[in-house]
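Enquirer: Quick one: structure below, then a few questions.
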Amino acid sequence: MKANPIIVALDVEDAMQAREIVDRLEGSVDFYKVGMELYAGEGMTFVRELLDRGKRVFLDLKLYDIGETVRRAVVRIAKSDVTFLTVHGSGAVMRAAAEGRRSSKLQLLGVTVLTSFDEQDLKDLGYPCSPGELVALRALNAMAAGLDGAICSALDVSAVREIMGASAVLVCPGVRSRLAESGDQKRVATPAEAVAGGADYVVVGRQVTRAKDPAAEVDRILGELGI
């Protein structure tokens with residue numbers, strides 16, 4: 001049987017809401033994303049609670065600061081058993097994160113281009129290129145910095161896999177099944193398309209967490225993936 005590639009995004013404001021989702025998904029999912037909102041409210045305390053329950057944690061903080069600050073933050077996070085940590089796709093930031101990770105098992109993923117960004121958003125930021133071109137550049141920079149993989153849209157994952165190779169860990173956020181709402185995402189695809197393109201993991205949020213039966217929704221997505 002294939003491994004479950006679903007990471008459920010705990011995009012809620014407090015531990016009580018997150019805990020309810022985890023309880024309802026017991027036996028269905030063991031990998032959870034803790035992003036900025038939940039981290040701002042609960043910090044490493046809830047992360048450790050998840051780890052103590054035997055869950056894997058994807059800490060999605062997209063660290064972006066001066067190198068020394070990033071390095072020191074990663075040193076602290078690396079002391080936990082967090083599986084993935086995201087950092088901004090800037091070369092200096094990624095190199096600092098890799099230095100802070102040292103010999104720990106923490107896996108660092110570089111953020112390429114947010115799935116909520118399109119070409120106009122990049123132009124507004126001063127980038128004279130397409131999302132795909134910036135994704136490719138940041139994937140190359142992530143490899144050069146010694147990161148373990150990247151965060152990318154399912155629309156870009158095939159190209160990123162070709163750039164970074166078979167050993168890279170590629171995670172696709174912003175995936176939705178055909179009938180699910182796209183929300184604030186612009187460059188989206190289905191979980192099956194992401195996995196077919198080369199994704200190791202797909203991050204699913206509201207489609208599961210707001211479902212009447214979250215476990216049944218996970219099973220439905222796994223069925224789409226042939227698992």
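Enquirer: Please work out which residue is farthest from Pro173 (Cα to Cα), limiting yourself to region 105-154 and to residues that are in a loop (DSSP other than H, G, I, E, B) and touching an Asp or Glu at 6+ places or on another chain (Cβ under 6 Å).
Expert: Within region 105-154, the first condition is being in a loop (DSSP other than H, G, I, E, B), and the residues that meet it are 105-106, 112-118, 125-130, 146-148, 152-154.
Filter again for touching an Asp or Glu at 6+ places or on another chain (Cβ under 6 Å), leaving 116, 130, 154.
Details: Ser116: 10, Ser130: 19, Ala154: 8 Å.
Ranking the candidates gives Ser130 first.
Enquirer: Could you list, in sequence order, all residues of region 118-128 that are within 22 Å of Ala92 (Cα to Cα) and either loosely packed, with under 14 Cβ neighbours inside 10 Å or under 19 Å from the mean Cα position of the chain (by Cα) (or both)?
Expert: Leu125, Gly126, Pro128
Enquirer: Quick check, is Lys55 under 18 Å from Val171 (Cβ atoms) and in contact (Cβ under 8 Å) with a residue 40 or more places away in the chain? Working first, answer last.
Expert: Details: under 18 Å from Val171 (Cβ atoms): yes; in contact (Cβ under 8 Å) with a residue 40 or more places away in the chain: no.
No: the conditions fail for Lys55.
Enquirer: All but one of (1) in a helix (DSSP H, G or I); (2) of a type in the set (Gly, Ala, Ser); (3) under 21 Å from Ala194 (Cβ atoms) hold for Ala3, so report the exception by its number.
Expert: Looking at each condition in turn, Ala3 falls short on (1).
Enquirer: Right, another one. Of these, Val160, Val218, Val202, Val208, which one is part of a helix (DSSP H, G or I), open to solvent by less than 30 Å² (accessible area, probe 1.4 Å), at pLDDT 95 or above and in contact with a Cys (Cβ under 6 Å, 6 or more places away or on another chain)?
Expert: Val160
Enquirer: Would it be correct to say that Phe46 is of a type in the set (Phe, Trp, Tyr) and touching a residue at least 60 places away in the same chain (Cβ under 8 Å)?
Expert: Considered against the rule, which asks whether it is of a type in the set (Phe, Trp, Tyr) and touching a residue at least 60 places away in the same chain (Cβ under 8 Å), Phe46 comes out as no.
Enquirer: Does region 72-122 hold any residues that are under 26 Å from Arg53 (Cα atoms) and touching a His at 6+ places or on another chain (Cβ under 6 Å), and which are they?
Expert: none
Enquirer: Do we find a residue being open to solvent by 40 Å² or more (accessible area, probe 1.4 Å), under 24 Å from Ala9 (Cβ atoms) and without any contact (Cβ under 8 Å) to a residue 24 or more places away in the chain anywhere in region 164-172? Can you show your working first?
Expert: Just the residues of region 164-172 that are open to solvent by 40 Å² or more (accessible area, probe 1.4 Å), to begin with: 166-167.
Among the residues that remain, those that are also under 24 Å from Ala9 (Cβ atoms) are: none.
No, region 164-172 contains no residue that is open to solvent by 40 Å² or more (accessible area, probe 1.4 Å), under 24 Å from Ala9 (Cβ atoms) and without any contact (Cβ under 8 Å) to a residue 24 or more places away in the chain.
Yes or no, residue by residue, for (1) under 26 Å from Ala3 (Cα atoms); (2) open to solvent by 30 Å² or more (accessible area, probe 1.4 Å); (3) of a type in the set (Phe, Trp, Tyr):
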position: Val34; (1), (2), (3): yes, no, no
position: Glu42; (1), (2), (3): no, yes, no
position: Phe58; (1), (2), (3): yes, no, yes
position: Tyr64; (1), (2), (3): no, yes, yes
position: Val70; (1), (2), (3): no, no, no
position: Ala78; (1), (2), (3): yes, no, no
position: Val87; (1), (2), (3): yes, no, no
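The values are calculated or read from the model by the stated rules, or taken from the named source; none is laboratory data. Bear in mind that the values here come from a model prediction, so they are computed numbers and not experimental data. Neighbour counts run over all protein chains shown; Cβ positions are idealised from the backbone, glycine included. Calculation scope for accessible area: heavy atoms of the full protein, side chains included, ligands and nucleic acids excluded. Shrake-Rupley method; radii C 1.70, N 1.55, O 1.52, S 1.80 Å.
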